[in-house]
1. Would you mind listing the strands (runs of 3 or more DSSP E) fully within segment 28-89 where at least 2 residues are under 21 Å from T159 (Cβ atoms)?
2. Tell me, yes or no, whether segment 210-227 has at least one residue that is without any contact (Cβ under 8 Å) to a residue 12 or more places away in the chain, open to solvent by 30 Å² or more (accessible area, probe 1.4 Å), part of a strand (DSSP E or B) and touching a strand residue (DSSP E or B) at 6+ places or on another chain (Cβ under 7 Å).
3. Identify, by number, the condition in (1) more than 14 Å from the chain's Cα centre (by Cα); (2) open to solvent by 10 Å² or more (accessible area, probe 1.4 Å); (3) not polar (S, T, N, Q) that V73 doesn't meet.
4. If we keep just the residues of segment 142-156 that are open to solvent by 40 Å² or more (accessible area, probe 1.4 Å) and in contact with a Lys or Arg (Cβ under 7 Å, 6 or more places away or on another chain), which is nearest to V79 (Cα to Cα)?
5. Of the conditions (1) outside any loop (DSSP other than H, G, I, E, B); (2) among the charged types (D, E, K, R); (3) over 27 Å from G264 (Cβ atoms), D140 fails just one. Which one is it?
6. Between a first residue in segment 92-113 that is farther than 17 Å from Q135 by Cβ and a second residue that is open to solvent by 60 Å² or more (accessible area, probe 1.4 Å) and hydroxyl-bearing (S, T, Y), which pairs have beta carbons less than 8 Å apart while being 6 or more apart in sequence or on different chains?
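The values are calculated or read from the model by the stated rules, or taken from the named source; none is laboratory data. What you are looking at is a predicted structure, and each value in this text was computed from that prediction instead of being measured. Positions of Cβ are generated from backbone atoms using ideal geometry, with glycine treated the same way; all protein chains shown enter the neighbour counts. Ligands, DNA and RNA are stripped out before the accessible areas are found, and what is left, the full protein with its side chains, is counted by its heavy atoms. Shrake-Rupley method; radii C 1.70, N 1.55, O 1.52, S 1.80 Å.
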Amino acid sequence: FNPSGDDSTGVKLDPNGSVILDPSAGIGTNTSIIWVANSAEGTVSKIDTRTKKQLARYTTYPGGMGDPSRTTVSLAGDVVVANRAWQNGADGSSASAIKIAGEKSSCFDRNKNGKIDTFEGEGPVPAAFQWLAGQVESPDECVLWRTALNTDAGGTPVTSPGTMVRAAGFDGEILDGVLSLYVYIGLYMNKEVVRLDSRTGKIVKRFSVAPTAPYGLVLDKGGNVWVLGLESGGPSLTRIDVRGGDKVTTYSAANGKAPPCGYGIT
């Protein structure tokens, strides 16, 4: 393997001949991004943490009434935004998740005009890129997909206040050549977690995590999904053992293993 060949950048060989990341290659300068949900505005901002400047801003739901709350970033730098759809003008019908490309090269030329139409810069979303009510797809071609998360497992709509999408977390796996193949979203009112295919947004599997009402979610180095619940009689902590057949285990007041005071998890 030639670490300086045309097919690789940012890597080198260690003394044993193994391929490792090269910390001196400046890879970190390409990933100094933080995504911040602007709930009341119905948008999310992409911010450079070095310059403190907004690089881009996106509407997260048609009509801007998504009430975006949580964000999670994949190994590839893409973001999935959970639309809570609880307040800020939203209602339960807009509960959803969207994926936004982290790099322009990952955006999709939907109108086939030979370029990527996207808003880049500071300030609010310009009129040309505002996702208007009734538009199926965003006019910003870096918004890749939207998945409705406003029903129960049987497909029945959950209304007032809705499913209340809260927790979100990408996995750290590289499967089928995809960086972070799956993303997990917690539905607070449903006491469910859904697994989405990060390429398409399709729901792959739904997990009941009752009595846990997902408020925070994180994945560990073994790929397990940990869900922190903030519910009446709680809090509780549930683990989905992804590599162990998706076995669900709950630590709660019922078995004497509840966290003392649960709100966030990382």
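1. 68-73, 79-83
2. Looking for residues that are without any contact (Cβ under 8 Å) to a residue 12 or more places away in the chain, open to solvent by 30 Å² or more (accessible area, probe 1.4 Å), part of a strand (DSSP E or B) and touching a strand residue (DSSP E or B) at 6+ places or on another chain (Cβ under 7 Å), one finds none in segment 210-227, hence no.
3. (1)
4. Residue satisfying both the conditions and the ranking: L144.
5. Failing condition for D140: (1).
6. G92/T159; G92/S160
Residue-by-condition table, conditions (1) touching a residue at least 60 places away in the same chain (Cβ under 8 Å); (2) surrounded by 16 or more Cβ atoms within 10 Å (Cβ to Cβ); (3) under 28 Å from T49 (Cα atoms):
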| site | (1), (2), (3) |
| --- | --- |
| Q135 | yes, no, no |
| D140 | yes, yes, yes |
| S180 | yes, yes, yes |
| V194 | no, yes, no |
